Amino acid sequence: MLLMLSLIAARGEAPLSAPLRGEALRYADSIARAGYTLYLGDSTVKANPDSAIRLLTEAAELGHPKAANNLAFIYLHRDSLRPDTLAALPLLERAARAGLPTAMSQLADICAARRDTLRADSLYLLAASRGLRDADVRLTAMLAPRWQALSADSLLSLGRKYYGAGAPFAAVNALSLAIRGYEDLEEDVLADSVPPEATALAILGDAFATGRGVSYDYMASLRSFYRAALLGDPSAQFILGETLDLTPDALDALGVDSQSPDADSARWYLLAARKGVTDARIARRRLF
């Protein structure tokens, strides 16, 4: 079996699109782990980069995604002054195609450095959607400086895109920029057109309520939904109505008198219904 695996590795005939199984997977896993341990070294094993590269190369040629990713990492970082991008790129492409989020993010780093922003955006977003929070942060670092000049409408569109696609940190940053001037807006619960700042506030309310892209903060969530409702966002109005149904004194914390019309859930339901938001499903669909 080992002879057969060595011959396959030498010819490079095991594509990453064909997942390893059984003995081949165990062998590739073993040499991949041994290779990365040799690269780092520990209390029992002295670091040996050359041997590490040989083992990781064999595992990568067998079709092991993590070995390909780790080998690419070594090529990019073993010499900070001269990263071997040419050797790393095909390895990252293969590991990214196999679905490895860290490979997608490393590949996005290279695309960003080469000013291929569109591909970097796509790769960071895909990696973030697969649970790699660092990719969400890197996506934000790459794009946030460009968002400063965008309109509230454009920032709301970006916030919706990233929030729904699994990059909530980027979404919160875009939405936070979208609401920069909301304090200057006139409150109008009956407004025919909903200002983008109002909807951005409502999505931020959801972010604070669920801890997506920000730390969970009940008061910040309540404040965001209330302000969005006052500015005429029907989804926020419906959600505020639901909140007051469950906790009638919820707005006390914001200094709203319990006898105020704002503390009446029925009023918010009616206002939301005037714009077609009659249940929670419609409210969330409209937001996201």
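The values are calculated or read from the model by the stated rules, or taken from the named source; none is laboratory data. Quantities reported herein were computed from a predicted structural model and do not represent experimental measurements. A quick note on method: Cβ atoms are made from the backbone with ideal geometry, for glycine too, and the neighbour counts reach across all protein chains shown. For accessibility, only protein heavy atoms count, side chains too; no ligands or nucleic acids. Shrake-Rupley method; radii C 1.70, N 1.55, O 1.52, S 1.80 Å.
Restricting the first member to the stretch 151-168 and to residues that are within 17 Å of R284 (Cβ to Cβ), and the second to residues that are assigned to a helix (DSSP H, G or I) and open to solvent by 50 Å² or more (accessible area, probe 1.4 Å), the beta-carbon pairs closer than 7 Å and six or more apart or on different chains are A165/S129; G166/S129.
Checked against the criteria, S154 does not count as among the small types (G, A, S) and either out of contact with any helix residue (DSSP H, G or I) (no Cβ under 9 Å at 6 or more places or on another chain) or under 22 Å from Y39 (Cα atoms) (or both).
Restricted to the stretch 117-137, and to residues there that are more than 11 Å from the chain's Cα centre (by Cα) and open to solvent by less than 50 Å² (accessible area, probe 1.4 Å), the residue that is farthest from A98 (Cα to Cα) is T117. On the given criteria, is T140 in a helix (DSSP H, G or I), within 22 Å of A229 (Cα to Cα), open to solvent by less than 20 Å² (accessible area, probe 1.4 Å) and at pLDDT 95 or above? For T140, the condition - in a helix (DSSP H, G or I), within 22 Å of A229 (Cα to Cα), open to solvent by less than 20 Å² (accessible area, probe 1.4 Å) and at pLDDT 95 or above - is not met.
A quick yes/no check of all residues on (1) closer than 22 Å to E93 by Cα; (2) buried (at least 16 other Cβ atoms within 10 Å of the Cβ):
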position: R26; (1), (2): no, no
position: A34; (1), (2): no, yes
position: V45; (1), (2): no, no
position: I53; (1), (2): yes, yes
position: E58; (1), (2): yes, yes
position: L76; (1), (2): yes, yes
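Among the residues making up the stretch 166-208, those that are open to solvent by less than 30 Å² (accessible area, probe 1.4 Å), outside any helix (DSSP H, G or I) and closer than 22 Å to L143 by Cβ are G166, A167, I179.
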